[in-house]
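What follows is calculated from the coordinates using simple rules that are stated; it is not laboratory data. Bear in mind that the values here come from a model prediction, so they are computed numbers and not experimental data. Cβ atoms come from the backbone with ideal geometry, glycine included; neighbour counts cover every protein chain shown.
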């Protein structure tokens, strides 16, 4: 009897479940939309330029070099053009000291003093010390008398100093570089 009751309960539940189902008709909705969008606005573009690339040439004087030159270099960079230049300039005082030392090392002490006496400061110091610079092979009191008799040959007696060729070249190069730098900045 239990089996019958169980089968009847299952039948009853199946029938109730199928009676509660709704119809399976589907409703479709179809719509079409056409639209046009107009947009106006401003666009800003930032252009970042690369860093300047003009690099001045380097001149190595070096600690152990035996050169009497000085390096001069410079560079200018704009948005459009970069320019770099360099040159060397002779150091005349360095050359004078090296020449005097070389002469002294070779035992030519009077010639070494003569080279140093081309500087007005050395010439004046030697006269003040009572040991005048050599004059055409004369030394001592005869050299002092010759220097006093010919003051125009004393160092620094020129009224106008004359620029050497290297200094003129350096000044000319500096002037040209200045003009180019101004033109690049305009």
Checklist entry - Remind me, what semi-axes does segment 92-153 give for its equivalent ellipsoid, largest first in whole Å, using sqrt of 5 times each Cα gyration tensor eigenvalue? => result 20, 13, 10
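Grab the Cα-Cα distance for residue 70 and residue 118, subtract it from 0.36 nm times how many residues apart they are, and report the gain in nm with one decimal. Intermediate results must be reported in sequence, preceding the final value.
On the way: separation 48, 0.36 × 48 = 17.28 nm, distance 2.17 nm.
Going from the current span to full extension adds 15.1 nm.
What's the extension gain from residue 128 to residue 106 if we count 0.36 nm per residue and subtract their Cα-Cα distance?
Numbers: separation 22, 0.36 × 22 = 7.92 nm, distance 2.73 nm.
The residue 128-residue 106 span can extend by a further 5.2 nm.
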Next on the checklist: Along the Cα→Cβ direction, 7 angstrom out, place labels at residue 33 and residue 99. What is the inter-label distance in nm?
Outcome noted: 9.8
Checklist entry - Which part of segment 94-123 falls in the paramagnetic zone of residue 150, meaning amide N under 16 Å from the point 7 Å along Cα-to-beta-carbon? => result 114-115, 117-118
